[in-house]
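Working notes, structure below.
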Amino acid sequence: MYSEKVEIFIKMWMEEFAIGRTIDEKVCEDKNGNPIPWYTYPAIEYLSQFDYSNKKIFEFGCGNSSKFWASRAKEVVSVEDNLKWFEKWQKEMKAPNLQVLWRDEGEIYENAIFESEDVYDVIVVDGKRREKCCETAVKKLAAGGMIILDDSDRINTSEEYKKAVAVLKKENLIQVDFYGFCPMNNYTKTTSVFLRRDFDFSTVEAVQPIDGIGNLWNMGRKKRKDFYNKYGK
């Protein structure tokens, strides 16, 4: 038996974050069925604030994150080393601004980012060989850009992750760690964002931060006051 406050908290997680569905059905989607990345929810909310309409994105590792980025960015290129996973997503990803590549694991995988002369505003390292991918990512990161390293908390037990983070820190990037729950998992993890010192992406809204999921300031004044008086104290 839970208190009414705890029941409200659980209801928010089930309805607003759709956490029960993401875990039970193994889907990375929000409550409306829109694709979201397998990052922590705090990282997703932070990243969702920015305007990517003129940005180019490169991903090491494809999935629902590719759809998420394609719905926001000018251009997205994702590289995948698992042939079955590549074939699955190639059929599902029809966005005209999204290109999904299959490259065998090894040097050909992390070097796929060099197949274009473009530099990228956002580079996501969320697949194989993360140390090597970080090494190539810093060479192709645009001025003012960011690199996202998912599952960065593995640095505590993995030499590969220690080296990956060291590569990004050596580049003098600003590290911001987003701890918390994420879609599909019943435990927490960390998604880290590494920013160029001149990072200055425009925001979607006129102010930053915007209201997060479950935030009281999403409510009207009276409803917010009533909620706080009943549950917030």
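The values are calculated or read from the model by the stated rules, or taken from the named source; none is laboratory data. Note that the structure is predicted; figures quoted are calculated from it, not measured. Cβ placement follows ideal geometry from the backbone for every residue including glycine, while neighbour counts extend to all protein chains displayed. We work out accessible area using only protein heavy atoms, side chains counted, and drop any ligands, DNA or RNA first. Shrake-Rupley method; radii C 1.70, N 1.55, O 1.52, S 1.80 Å.
So what is the relative contact order of the chain, in percent, for Cα pairs below 8 Å that sit 6 or more residues apart?
After rounding, I find 21 percent.
If you consider only alpha-carbon coordinates, what radius of gyration and Dmax does segment 86-233 have, in Å?
Rg and Dmax of segment 86-233, Cα atoms, are 19.3, 59 Å.
So which aspartates and glutamates can K31 reach, going by Cα to Cα under 18 Å and dropping same-chain residues fewer than 8 places off?
Straight-distance partners of K31: E15, E16, E45, D211.
Based on alpha-carbon centroids, what's the gap between segment 59-78 and segment 86-138 in Å, whole number please?
10
For the pair S71 and M219, how long in nm is the line joining their label points, each one 7 Å along Cα→Cβ?
Spacing of the two 7 Å Cα→Cβ label points: 2.7 nm.
When the chain is fully extended, how far beyond the present Cα-Cα distance does V138 get from N54, taking 0.36 nm per residue of separation?
Difference between extended and current length: 28.2 nm.
Straight-line reach only, C-alpha to C-alpha below 20 angstrom: list the lysines that K225 could link to, leaving out same-chain residues fewer than 8 apart.
The reachable lysines, counting only those whose Cα sits under 20 Å from K225, are K5, K11, K233.
In whole percent, and with a 1.4 Å probe on the protein chains, what portion of the accessible area of the chain is carbon and sulfur?
Of the solvent-accessible surface of the chain, carbon and sulfur hold 50 percent.
Given charges of +1 on the Cβ of Lys and Arg and -1 on the Cβ of Asp and Glu, with all other atoms neutral, how large is the dipole of segment 151-220 about its Cα centre, in debye to the nearest 20? Kindly include the intermediate steps, with their values, before the conclusion.
On the way: 8 positive and 10 negative charges, 61 e Å.
The dipole magnitude comes to about 300 debye.
Could you tell me how many degrees, from 0 to 90 and to the nearest 10, lie between the Cα long axis of helix 83-92 and the main elongation axis, the longest principal axis, of the Cα atoms of the chain?
The helix 83-92 is inclined about 60 degrees to the chain.
Go ahead and estimate [θ] at 222 nm for the chain from helices alone: -39,500 (n - 2.57) per DSSP H run with n ≥ 4, summed, over the residue count, rounded to 500. Intermediate values should be presented prior to the final figure.
Working: 9 runs with 77 residues, N = 233.
Counting only the DSSP helices, I get -9000 deg cm²/dmol.
Distances longer than 15 Å among the Cα atoms of segment 78-118: what percent of all pairs is that?
It works out to 42 percent of all Cα pairs.
Determine the alpha carbon to alpha carbon distance for each of K67/K163; K56/K128; K56/K189; K67/K91; K67/K128 and list only those over 23 Å.
Over 23 Å Cα-Cα: K67/K163; K56/K189.
Where only protein heavy atoms count, and the probe is 1.4 Å, what is the accessible area per residue for the chain in Å²?
Heavy-atom SASA per residue in the chain reads 55 Å².
Considering only DSSP states other than H, G, I, E and B, which GluC sites (Glu not before Pro) in segment 26-69 qualify as loop sites with at most 15 other Cβ atoms within 10 Å? Write out the running numbers ahead of the final one.
Values: sites: E29, E45, E59; in loops: none.
Loop-located and lightly packed - none at all.
Please find the FRET efficiency linking E105 to I210, where r is the Cβ-Cβ separation and R0 is fixed at 30 Å, and quote it to the nearest 0.05.
0.20
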